[in-house]
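Chemist: Quick one: the structure is below, questions incoming.
The values are calculated or read from the model by the stated rules, or taken from the named source; none is laboratory data. What you are looking at is a predicted structure, and each value in this text was computed from that prediction instead of being measured. Neighbour counts are summed over all protein chains in view; Cβ atoms, including those assigned to glycine, are modelled from backbone coordinates with ideal geometry. Only protein heavy atoms, including side chains, enter the accessible area calculation; ligands, DNA and RNA are left aside. Shrake-Rupley method; radii C 1.70, N 1.55, O 1.52, S 1.80 Å.
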Amino acid sequence: MAEPTARAGARLTRNTLTMLAARVVVASTGVVTLPIVYERLGAVEFGVWVLLSGLLAMAAVLDLGLGSTLVREVAGAGPERDPVSVRRLLGLGLGWGVVLGLLLLVVLTSGWPWISHLLRLGELSRDAWHAALWLLVGVVAGGVETPWRAILEGVQRYGVLAAVTSITAVFGAALTVVTLRLGGGLAALAACTAGTGILRTAMLAVAAERGHRHLAPRIGRLTNQDLRRVTGYGLRVQLTSATGAVNVELDKLILGAAFGPAVAGSADLGVRLLNLLRLPPAFALQVLFPEAVRRTAIGGRDWLDRFYLTTVRYLAVLLAPAAAALVVGAEPLVRLWLGHPVDWAAATIAILAPAYALNLVAGAATVTARVQGRPGLETRYVLLSVAINLALTIPLLVLVGPLGVPLATSLGVVLATGYFLAHFHRATGRPIGVLLRILWPPAAAATLAALVTAASTELLPDGPGRLGAAAAGSVRAALVFALTAALLLLCGYLRADERSRLRALATKTRRVAVSSVAGGDR
């Protein structure tokens, strides 16, 4: 019994590390290429690129939830299951990718004049049209990729997935840089994206076909039972995906329609950078889920309650000062990344960072709800977030201009997350007072640290260029974290073992700093 358990644990660890490595590669290519894209295209053309990408990204989520559904079907296809029915479901995924592409082509062709006018594309409308067609090819490639990816995920061939994802990300980044340096514009950039998508689909199809030919998609008639299973599970996933896409992508389209592509593109830079920075804690929560399921099966509800509160505590201690550091350090962070200031990007980061931090802390409740088999607790909260966002966007847009759009999103996330936490505690019989006692000290300490740091920025190091931005950003972040830690120590929030680890970290940091100074003197 111990040997299969050990093998399962080793497989889980290996899968986690390989997918984490792939995500790091993809994130790194984005960090490197996005400033080049922005510089080569310019603010307006980059904004058009952002609007087109967002428009088709929203359309691409209309996959009927087949991505998650097909993974579930493949994973559950044991020896007793008729492989023909699974292959036909995979064939449905293959066919829907093509059908969705044709539907989008009809919509784009018939509605392009209206879309061009709404998004203020102006003289770039013709180039944008050609780019949209290439991006549509990429959407079709992504749809066709769905069943092949589902096969590999369902049989847990994560190493192959990670390798293909990493290779195509690096290839796509290199192709983009070369194309832009040779003078390519919007259409050429979109062609690079489509070509990368086609290559990734082909590689995944070959890998799935070679290792699991018995699961290859097959077009055929589905039974009513199969269709009910797909629609019953997939459409719920579709609803969550679609609402999430609305929250992410709709802001760009609203900013483009109200203020033009340049403002939309600049704000999107801030969102993308923020999404890169929140990737580690989001991935950590994803990795914790299978382990929490396993440990709960052994330790029961008591273990799960301890897991939940401990996870909230550590996330709050980490993310509260991180969000505060982003608020006061957004401007130098953007300068460090892009090489020059972009006001709308920095403002977007400062507005969204606290909301995203709270949302990540609530991820502990999301994991706990899924462990208890109650993922439906999330659905209402996701819909509420979108509803609040849409309701507040226009009034705040009128009151404060472009900043009203990310502000509406931030308020929507905060209010909906607060509702979700209250609803989760009430539905699962957990007292919410314990949660509030855990959350408020880090939040208050980080807020006070941010205010002190913001008031002291004139006294802190800064300067032109990336070097000055690096100095400004690092000093502000260090000051926020140090003040937050000091306040938590003073109020007795940190336990003895946590204080010991913090002292060890401070001693190690001081020694490194002293040795660096001594080395510089020599």
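Chemist: Once the Cα atoms of the range 134-179 are picked out, what are the Rg and Dmax in Å?
Modeler: Final numbers for Rg and Dmax: 12.5, 37 Å.
Chemist: For q = 0.12 Å⁻¹, what log10 I(q)/I(0) does the range 388-447 give under the Debye formula with an equal point scatterer on each alpha carbon and no solvent?
Modeler: -0.43
Chemist: Follow-up. Can you compute the label reach from T310? Point 7 Å from Cα along the Cβ direction, backbone N cut-off under 18 Å, restricted to the range 408-436.
Modeler: Zone members listed by number: 435.
Chemist: Hey, any idea what Rg/Rh is for the range 122-203, computing Rh the Kirkwood way over Cα pairs? If you can, show how the numbers build up before the last one.
Modeler: Numbers: Rg = 14.6 Å, Rh = 13.6 Å.
My calculation of the ratio gives 1.07.
Chemist: On to the next question. Note the direction-averaged projected area, equal to a quarter of the hull surface, for the Cα convex hull of the range 400-483, in nm². Write out the running numbers ahead of the final one.
Modeler: On the way: hull surface 32.2 nm².
With every direction weighted equally, the projected area is 8.0 nm².
Chemist: Which whole-number value in Å³ per residue fits the convex hull of the alpha carbons of the range 344-454? Intermediate results must be reported in sequence, preceding the final value.
Modeler: Numbers: hull volume 12.0 nm³, N = 111.
About 108 Å³ per residue, rounded to a whole number.
Chemist: I would also like to ask the following. Return the whole-Å distance between the Cα centroid of the range 257-280 and the Cα centroid of the range 30-63.
Modeler: 10 Å
Chemist: Still on this model: Can you pull the semi-axes for the range 414-458, root of five times each eigenvalue of the Cα gyration tensor, sorted largest first, whole Å? Present the calculation step by step, with values, prior to reporting the outcome.
Modeler: On the way: eigenvalues 193, 27, 3 Å².
Those come to 31, 12, 4 Å.
Chemist: Based on the alpha carbons, how large is the Rg to Rh ratio for the range 308-350 when Rh follows Kirkwood? Walk me through the intermediate numbers first.
Modeler: Details: Rg = 13.5 Å, Rh = 11.4 Å.
The Rg/Rh ratio comes out at 1.19.
Chemist: If you rank I36, I219 by how much accessible surface each has, with a 1.4 Å probe, what is the order from largest down?
Modeler: On the way: I36 30, I219 125 Å².
Per-residue accessible area, sorted high to low, gives I219, I36.
Chemist: Could you grab the Rg to Rh ratio for the range 310-391? Cα atoms only, Kirkwood for Rh.
Modeler: Checking Rg against Rh, the ratio lands at 1.09.
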